[in-house]
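The values are calculated or read from the model by the stated rules, or taken from the named source; none is laboratory data. As the structure is a prediction and not an experimental result, all values here were calculated from the model. Glycine also receives a Cβ, built like all others from the backbone with ideal geometry; neighbour counts cover every protein chain displayed.
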Amino acid sequence: MRGNRKRDTRPEMAVRRLLHARGLRYRVHYPILAGGKRIRPDIVFTRRKLAVFIDGCFWHSCPQHGNHPKVNTGYWGPKLERNVSRDRTTNEELRGAGWRVLRIWEHVQPEEAAARIAASWREPASSTNGDGGSDVA
């Protein structure tokens, strides 16, 4: 599992390039103190208090593309469930600290992901999108 990158993945880099081309400036893996721990979203807009995560379909159990391994299910089942649970907790902690959270699946085309992020960036920092500021797409 050493080959699995924590940051600078292909989907993340493609989205970051498009955001930069749109003139949006952001921080990468900027630490945010929320809920007593340091959280490092993939892309952070500090002034807009917008935290963006680009989630891998396998690791974060995408309902559309996430698959569960058929081998060693005793390990992988709980592991993937913990990842999803940690994502929910992270969303809640960031929202509790006044941040908006945007989660984008890796299968979303980079152009569409950049458009969603830009639209969220344009919203005032105090607004949310109906479900408490979390968008999983």
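Counting the residues of region 4-33 that are over 15 Å from the mean Cα position of the chain (by Cα) and either modelled with pLDDT under 95 or among the basic types (K, R) (or both) gives 4. Among the residues of region 24-34, those identified as in contact (Cβ under 8 Å) with a residue 40 or more places away in the chain and surrounded by 14 or more Cβ atoms within 10 Å (Cβ to Cβ) are L24, I32, A34. For region 14-23, the count of residues that are surrounded by 15 or more Cβ atoms within 10 Å (Cβ to Cβ), under 22 Å from V108 (Cα atoms) and without any contact (Cβ under 8 Å) to a residue 60 or more places away in the chain is nonzero.
Within region 64-87, residues that are of a type in the set (D, E, K, R) have Cβ atoms under 8 Å from residues that are at pLDDT below 95 and in a loop (DSSP other than H, G, I, E, B) in these pairs: E81/S61; D87/H60, counting only partners at least 6 apart in sequence or on another chain. Figure legend. Inter-residue proximity from region 115-127: first residues under 16 Å from A21 (Cα atoms), second residues part of a loop (DSSP other than H, G, I, E, B) and at pLDDT 95 or above, beta-carbon distance below 7 Å, spacing 6+ or different chains. Indicated pairs: A118/R22; A118/L24; W121/L24; W121/R48. Taking the criterion of being assigned to a helix (DSSP H, G or I) and surrounded by fewer than 17 Cβ atoms within 10 Å (Cβ to Cβ), the residues of region 1-13 that qualify are R10, M13. Considering every residue within region 102-113, establish whether at least one is of a type in the set (F, W, Y) and under 14 Å from P11 (Cα atoms). Within region 102-113, one or more residues are of a type in the set (F, W, Y) and under 14 Å from P11 (Cα atoms).
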